[in-house]
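Colleague: Structure incoming, see below.
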Amino acid sequence: MKNHKYWGKVEEDWAGFSSEIMFDSEYFDNKEITIFLGSEFDDDGEEIEIIPNKSELDDFENTYKKFLSSLDEIIEKIKNKTFERYLKLYAHYYENEEKSGEKPLGISTKEKHFESLKDLNYIRILENGNIKILIHYKLDTEHGIEIRLENNEVIDIGGIAET
């Protein structure tokens, strides 16, 4: 365990190191979402067991504060990019009764699509301004959806553990 001026108590958790600070936003249904600090695994796929040092925690703090201060703009970018992904990968199935065997979902806007992204799993703050947002995706419960940000720009979207 380590104490930090911003993060408070930082200690090992089920998927790496977490802090006392929790994420809570009106954009998502669940409250008090865990924030993990740093990678869970090293380059060799081994679990990281060394707690982040003060410099790393300070860097994570700066990244997170910038994320919070730009959250409205980031959510708009996420809405746009995830809707584009839906149209490319899923709409041909979910909007076609012959393929899905169900009535079309009628997801025709980014706002309507975002309703399927409100079950946030956790957030992981990484080095160099990177953040991963992991979501239980209602339209693909097997893979979920993971959004990777770098300096508050969406740089990748995939299934969980794919970005």
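Colleague: Among the numbered criteria (1) at negative phi; (2) not in a helix (DSSP H, G or I), which one does Glu56 miss?
Modeller: In the conditions (1) at negative phi; (2) not in a helix (DSSP H, G or I), Glu56 misses (2) alone.
Colleague: Please enumerate the residues belonging to region 138-163 that are touching a helix residue (DSSP H, G or I) at 6+ places or on another chain (Cβ under 6 Å), within 18 Å of Lys77 (Cα to Cα) and not in a strand (DSSP E or B).
Modeller: Asn152
Colleague: Moving to a separate point now. Looking only at region 108-128, decide whether some residue is among the basic types (Lys, Arg), part of a helix (DSSP H, G or I), in contact with a Gly (Cβ under 9 Å, 6 or more places away or on another chain) and at pLDDT 95 or above.
Modeller: yes
Colleague: Of everything in region 93-128 that's open to solvent by 10 Å² or more (accessible area, probe 1.4 Å) and in contact with a strand residue (DSSP E or B) (Cβ under 6 Å, 6 or more places away or on another chain), which residue is nearest to Lys79 (Cα to Cα)?
Modeller: Residue satisfying both the conditions and the ranking: Asp119.
Colleague: Continuing with the same structure: Within region 148-162, is there a residue that is within 15 Å of the chain's Cα centre (by Cα), modelled with pLDDT under 95, closer than 23 Å to Met22 by Cα and crowded, with 17+ Cβ neighbours inside 10 Å?
Modeller: yes
Colleague: Same structure, new question: So, in region 72-92, how many residues would count as being within 15 Å of the chain's Cα centre (by Cα), farther than 18 Å from Gly144 by Cβ, surrounded by 15 or more Cβ atoms within 10 Å (Cβ to Cβ) and free of Cβ contacts under 8 Å to residues at least 40 places away in the same chain?
Modeller: Qualifying residue count, region 72-92: 0.
The values are calculated or read from the model by the stated rules, or taken from the named source; none is laboratory data. These figures come from a predicted structure and were not determined experimentally. Quick reminder, even Gly has a Cβ in these numbers, built from the backbone with ideal geometry, and neighbours come from all protein chains shown. Heavy atoms of the whole protein, side chains included, go into the accessibility calculation; ligands, DNA and RNA do not. Shrake-Rupley method; radii C 1.70, N 1.55, O 1.52, S 1.80 Å.
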